[in-house]
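> What follows is a single structure, and I will ask about it in a moment.
The values are calculated or read from the model by the stated rules, or taken from the named source; none is laboratory data. Everything numeric in this text was worked out from a predicted model, so none of it was measured. For neighbour counting, all protein chains shown are included, and Cβ atoms are generated from backbone atoms with ideal geometry for every residue, glycine included. Side chains included, ligands, DNA and RNA excluded: accessible areas come from the protein's heavy atoms. Shrake-Rupley method; radii C 1.70, N 1.55, O 1.52, S 1.80 Å.
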Amino acid sequence: MKAPSIPDNEPARLVALYDTGLLDSRQESRFDRLTQLVQQCLAVEVVLISLVDKERQWFKSRQGLAVCETARSISFCGHTILQSDILEVPDAHKDSRFADNPLVTGSPKIRFYAGAPLAVSGLRIGTLCLISSEPRQLSAKERHILRQFADAVEQEIHDRLQERALRESRDQFKALVTNIPGISYRCKADANWTMLYMSSSIDPLSGYPASDFLQNSARSYASVIHPDDRDRLEQVVTASIAANSSWLLHYRVMHRDGYARWVEERGQVEYNEDGTVLYLNGFIMDITERMRLQQLKDEFVATVSHELRTPLTAVNGALKLLSATELQGLTGQGKTLLAIAGSNGIRLQRLIDDLLDIEKLVAGKMEFELEAQYIGPILDRCWNDHRVYAEQRQVSLQLLIAAEVQQVRVEIDEHRLLQVLANLLSNAFKFSPDGGTVVLSASCQNDAWLEIMVQDEGPGIPEHFKERIFQRFSQADASSSKAKGGTGLGLALCKELVEAMHGDIGFYSEPGQGSHFFVRFPLRSV
């Protein structure tokens, strides 16, 4: 008996075999159906899908044979994997390689053998083989049939590998999503937002399992949104779909026990190649605790501001009275100290006013008198109001109004717009160099927007600070704020005021090249 040789690529071949996950796996009908068909089509006693391991051959599927493996050293299949074509042994008794093989002299008494190699990624890991206890010679047609069935087995192995990779990828994704502190979802863009996927984190938020929402089987996600928030949420999502943009929303979700929790949702639309909406994808985070802390902070700031306003008004009044009165014996140093006290009192008054304005805006208590107005006269007034202050700061203030601006109107509250421009101009004056120029300009953009711009020649905005510039109490450099003055509330207040008037605020800036702050409002037809 001649034992099969070891292929030159044996290490790589074994890796390919082990990677299939087939060895010692459970019985699978997908392979058994093929071996049954081979047995019927070729009228043979035994059909095997044999996988050649390091020291054995193991049968993934077997027809007509009771044992599930034999030693590799006595295997016929060990010889088959050494060649690319079918190995056929018409009569083992007459073949010197197998005549005294225990599988020939003993059970299953092999006389005829034919094996077609099975390859994965070009590496032969086993065979589809035929065994009979009587001598036999395959015809050319039968050899072709055997090879076709072997190709079908290879395809099943390939499909199985693909399915396993997909399953592992899905399991990894599921584990990843499960560990994210929030809720991921995918839904259809239909009237009911039919939910295709929702992570299990919805359970503690709503009191209902994620399975209830899949395909809206027990309830829709919309059904657990607070009734007062549903219309707003639907309007924002509908507008985002139309504009092909993402959305960020804060709203309340009702728990099954009757209490509400605040969430933050970030979502976006997924389109196909022709622009048709496919899905809505998003992420929902429970921010109830964050909202609670924000409310406590706002209430604290509002309370302190109100309590400070009355005594501060009295202090500022007294300081003004003292400054207007020539006090006998008041030295130059005393006058200086009095001026410093008066200046800081005004600064503190402005801080309190800004805090109270922001509180009103957040609470929705600030009243706006929105009217469609021509912007030219308002900007003229703004320029007149601030040019003296600009001169005191040794800065030139220029006003540039494009001709088309005189023909259009925007819906604004004049007082609040002047408040916004005062903040923007004040910042521009403070950060402009002596002898510098600040430009207040207005132009129309795309026949849809009126843009008002404040441009300075200051140091510009540091890159690291840009994303926080409209946050409350944010300042790029604390030392600069002490030198220039400021509370870090001005731009936050501007943002709240502009957005409350249905406008938009933004900026662009390069270090060392000044800053451009703009506000935009939709044009109204004359």
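> Roughly how tilted is helix 227-243, in degrees to the nearest 10 and between 0 and 90, from the longest Cα axis of the chain?
80
> Based on the alpha carbons, how large is the Rg to Rh ratio for region 209-274 when Rh follows Kirkwood?
Radius of gyration relative to Kirkwood radius: 1.01.
> Let me see the P(r) profile for region 38-175: every Cα-Cα distance counted, bins of 5 Å, each bin given as a percent of all pairs.
Cα pair-distance distribution for region 38-175, in percent: 2, 10, 19, 23, 19, 11, 6, 4, 3, 2, 1, 0.
> By how many nm would the segment from ALA372 to SER323 grow when fully extended, if each residue of separation counts as 0.36 nm and the alpha-carbon distance is taken off?
The ALA372-SER323 span can extend by a further 13.4 nm.
> With no solvent and one equal point scatterer placed on each C-alpha of region 58-101, evaluate the Debye formula and give log10 I(q)/I(0) for q = 0.34, 0.35 Å⁻¹, two decimals.
Debye curve over Cα of region 58-101, log10 I(q)/I(0) at q = 0.34, 0.35 Å⁻¹: -1.15, -1.15.
> If you don't mind, there's one more thing I want to ask. Aspartates and glutamates near LYS430 by alpha-carbon distance under 19 Å, same-chain residues fewer than 8 away left out - which ones?
ASP354, ASP385, GLU391, ASP456, GLU457, ASP477, GLU510
> Here is a follow-up. So what J values fall out for region 447-456 if you push phi through Karplus, 6.51 cos²θ - 1.76 cosθ + 1.60 with θ = phi - 60°, rounded to Hz, Gly and Pro as x?
For region 447-456, the Karplus curve yields 6, 10, 10, 9, 10, 10, 10, 10, 10, 10 Hz.
> Kindly flag which residue pairs out of LYS320/LYS495; LYS54/LYS109; LYS335/LYS360; LYS297/LYS466; LYS297/LYS320 have an alpha-carbon separation exceeding 29 Å in this structure.
The answer is LYS320/LYS495; LYS335/LYS360; LYS297/LYS320.
> Next question, about the same structure. Considering only the other residues whose Cβ falls under 12 Å of the Cβ of GLU88, what net charge follows from Lys and Arg at +1 and Asp and Glu at -1?
Result for the neighbourhood of GLU88: -1.
> If you average the C-alpha positions of region 11-75 and of region 78-140 separately, how far apart do those two centres end up, in angstrom?
13
> Percentage of Cα-Cα pair distances in region 376-469 greater than 15 Å, rounded to whole percent?
Taking all Cα-Cα pairs of region 376-469, the fraction more than 15 Å apart is 63 percent.
> Show CYS494, CYS68 ordered by accessible area, largest first, where the area counts protein heavy atoms only and the probe is 1.4 Å.
CYS68, CYS494
> Where does each of ARG219, ARG416, ARG381 land when they are ordered by accessible area, with a 1.4 Å probe and the largest first?
Order by accessible area, largest first: ARG381, ARG219, ARG416.
> Now a separate question. Please report, as a whole percent, how much of the solvent-accessible surface of the chain comes from carbon and sulfur atoms (probe radius 1.4 Å).
That fraction is 51 percent.
> Can you show me the helix-derived [θ] at 222 nm for the chain, built from DSSP H runs with n ≥ 4 at -39,500 (n - 2.57) apiece and divided by the number of residues, rounded to the nearest 500.
Helices in the chain give a 222 nm mean residue ellipticity of -13500 deg cm²/dmol.
> Which whole-number value in Å² is the accessible area per residue of the chain, probe 1.4 Å?
Value returned for the chain: 54 Å² of accessible area per residue.
> When the distances between all Cα atoms of the chain are binned every 10 Å from zero, what whole-number percent does each bin get?
Over the chain, the share of Cα pairs per 10 Å bin runs 3, 13, 15, 13, 11, 9, 8, 8, 8, 6, 3, 1, 0, 0 percent.
> Which number do you get for Rg(Cα) / (2.2 N^0.38 Å) in region 15-109?
1.11
> Non-local amide H neighbours of LEU523 (under 5 Å, H modeled in plane, Pro and chain starts lacking H): which ones?
So LEU523 has HN proximity to TRP449, LEU450.
> What translational D, rounded to a whole number of µm²/s, comes out for region 91-243 from Stokes-Einstein when the hydrodynamic radius is the Kirkwood one over Cα pairs, at 25 °C and 0.890 mPa s?
114
> Same structure, new question: In what sequence, largest accessible area first, do PHE368, PHE213 appear using a 1.4 Å probe?
Putting PHE368, PHE213 in descending order of accessible area: PHE368, PHE213.
> Same structure, new question: Whole number please: convex hull volume per residue of the Cα set in region 8-61, in Å³?
Cα-based convex hull of region 8-61, divided per residue, equals 96 Å³.
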